[in-house]
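The values are calculated or read from the model by the stated rules, or taken from the named source; none is laboratory data. Quantities reported herein were computed from a predicted structural model and do not represent experimental measurements. Cβ placement follows ideal geometry from the backbone for every residue including glycine, while neighbour counts extend to all protein chains displayed. Note: accessible area is taken over every heavy atom of the protein model, side chains too, but ligands, DNA and RNA are not part of it. Shrake-Rupley method; radii C 1.70, N 1.55, O 1.52, S 1.80 Å.
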Amino acid sequence: MKKLLTLILASAMILSVAGCTQNDSGSETNAGSGTGGGNVEVTLRVWASQEDQGLTRELADKFIAANSDKKITIELGVVGEPDAYATYSEDPEAAADVFFFPNDQLRSFVTAGGLYEVTRNKDEIVSRNIESSIEAATFDGKLYGYPMTADNGYFLYYDKSVLSEEDVKSLDRIIEVSEAAGKRVFMNLDDNAWYLASFFLGAGCTLVIGEDGRQICNFNNADGLAAAKAIQAFTSSSAYINGDDSVLKGGIGGTISAGVSGTWNAQDISDVLGENYAATKLPTFTMDGRQVQMGSFGGYKLVGINSLITDADKLVTAMDFADFLTNEESQVERFKQRAMGPSNINAAADSAVQENIALAALAMQAPFATSQNDINNNTFWGPAGAFGTAMVNGDTTDLQTLLDNMVNQIQE
């Protein structure tokens, strides 16, 4: 993937980002020559996931039509959000001008100098999106991403023919009812710290990035040990089942009564369960004899601008396109076509969004979610995922020892 897209640089390098200045409100205005339309020609390279190719092309064509005073060409490449930073880092100069990425990659991008700070129309962008999405797109007080969705989190799907609204309030009751019915409860804990952290975060454990960029983690304290015991009890239940999304989608409504996942599986699960389709926040779990609400990671999808753009016309066009991709109309269309939850305040208030069962469940979980901005992607996921694998495999090593080993590796 290193040379996924061919680098296109303008031959006239005298037009630099100095051609864009900021007004007193913090919004960027064009001060350079040749940016007013007519003879302006701009080619933008854009990365989007395979699933988003159709919608991105549709929005790109609308943007081109709305800016007919310029000759704009938008070329699409296939790079999904999870792979954005890894692909960028292979060859920054060959990277796209505009790309989608999850907010947990923001720190890596900014540290590498890969993102152009959002300055053009900044005040409007901030005012039209929910505060948490702006915080997720901000690093060291500067906005580096355009919020696109507020749905990159997880919650509980369940089969109403097996479990009641009262049953799904606690993990203990979900397991009890499912065991009695010969059903399974799905949660991907094998090498998947994204879900595993729910127990530790619910227990009050924290993840923080220190001033030196190192991950600070206290999952091995007394609360962490209590959370680990809860994980151990869950994975040792005859009702527990592990696996990837295909296991959940293949078993829900049959052998599986409930499962933890996100909005990306909503349509498939809804199609299978029909009138028995339901979703809610994550349940509570027993910790030291008391019920504790499971936490989660709350994520956001963002649009970024490559900092290596040197042509003023191209930079302004890239910013305008990122703005267009994430405005109210585009977010409503993204919900209609891809069922993605909007970060735009007005789009999120749309009646169709409000009535969406999966997004309503995500909203219920939101107060218990932790932002992924404070995760060091280089050190957290591997060790924490290995701990999850140990739990799923029934590792008999002393729990405190396993926790200490995990935290020591995370904090390296």
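Considering only VAL208, ASN188, PHE101, and ranking their Cα positions along the charge dipole of the chain that arises from unit charges at the beta-carbon of Lys, Arg, Asp and Glu, the one farthest toward the positive end is ASN188. Taking only Cα atoms, what is the 0 to 90° angle, nearest 10, from helix 312-325's long axis to the longest principal axis of the chain? Between the helix axis and the principal axis of the chain, the angle is about 40 degrees. Inter-part distance, segment 286-303 to segment 365-412, computed on C-alpha centroids, equals 14 Å. Between GLY304, SER178, GLY382, whose Cα lies farthest towards the positive end of the dipole of the chain when Lys and Arg beta carbons carry +1 and Asp and Glu beta carbons carry -1, centred on the Cα centre? Result: SER178, furthest along the dipole toward the positive end.
Charging the Cβ of each Asp and Glu at -1 and of each Lys and Arg at +1, and nothing else, the dipole of the chain about its Cα centre rounds to 220 debye.
With a ≥ b ≥ c the root eigenvalues of the C-alpha gyration tensor of segment 211-348, is it rounded (a/c under 1.5), prolate (a/b larger than b/c) or oblate? Here segment 211-348 falls in the oblate category. Shape class for the chain, computed from the alpha carbon gyration tensor (a ≥ b ≥ c): prolate, with a/c not under 1.5 and a/b above b/c.
Counting only alpha carbon atoms, the long axis of helix 328-338 and the longest principal axis of the chain meet at about 50°. Give the calculated FRET efficiency between SER371 and ASN39 to the nearest 0.05, with a Förster radius of 51 Å applied to their Cβ-Cβ distance. That pair, SER371 with ASN39, gives E of 0.70.
The share of accessible area on the chain that comes from carbon and sulfur is 48 percent, using a 1.4 angstrom probe.
Annotation: per residue accessible area for the chain equals 41 Å², rounded to a whole number [probe 1.4 Å, protein chains only]. Taking a ≥ b ≥ c as the square roots of the eigenvalues of the Cα gyration tensor of segment 122-226, is the shape rounded (a/c under 1.5), prolate (a/b larger than b/c) or oblate? Verdict is oblate for segment 122-226. Here the sum of -39500 (n - 2.57) over DSSP H runs of 4 or more residues, divided by the residues of the chain, equals -11000 deg cm²/dmol at 222 nm, to the nearest 500.
Each residue, ARG57 and ASN408, gets one label point 7 Å from its Cα in the Cβ direction; the gap between the two is 5.3 nm.
Legend: distances between Cα atoms for LYS122/LYS314; LYS160/LYS301; LYS70/LYS122; LYS122/LYS301; LYS281/LYS336; pairs beyond 28 Å are LYS160/LYS301. If the segment from ARG214 to GLU176 were pulled out straight at 0.36 nm per residue, it would be longer than the present Cα-Cα gap by 9.6 nm.
Sorting the segments 388-398, 167-177 by their residues' average number of neighbouring beta-carbon atoms within 10 angstrom, most packed first, yields 167-177, 388-398.
Across segment 148-186, the residues whose backbone nitrogen lies under 11 Å from the label position 7 Å along the beta-carbon direction of ILE357 are 157-161. Under a model in which nothing but the beta-carbon of Lys, Arg (+1) and Asp, Glu (-1) is charged, segment 46-162 shows a dipole of about 340 debye around its Cα centre. Computed on the Cα trace of segment 171-210, the radius of gyration divided by the Kirkwood hydrodynamic radius gives Rg/Rh = 1.14. Among beta bridges from DSSP that stay inside the chain, the antiparallel ones total about 60%. With a simple spin-label model that places each label point 7 Å from the Cα along the Cα-to-Cβ direction, the separation between GLU117 and ASN378 comes to 2.4 nm.
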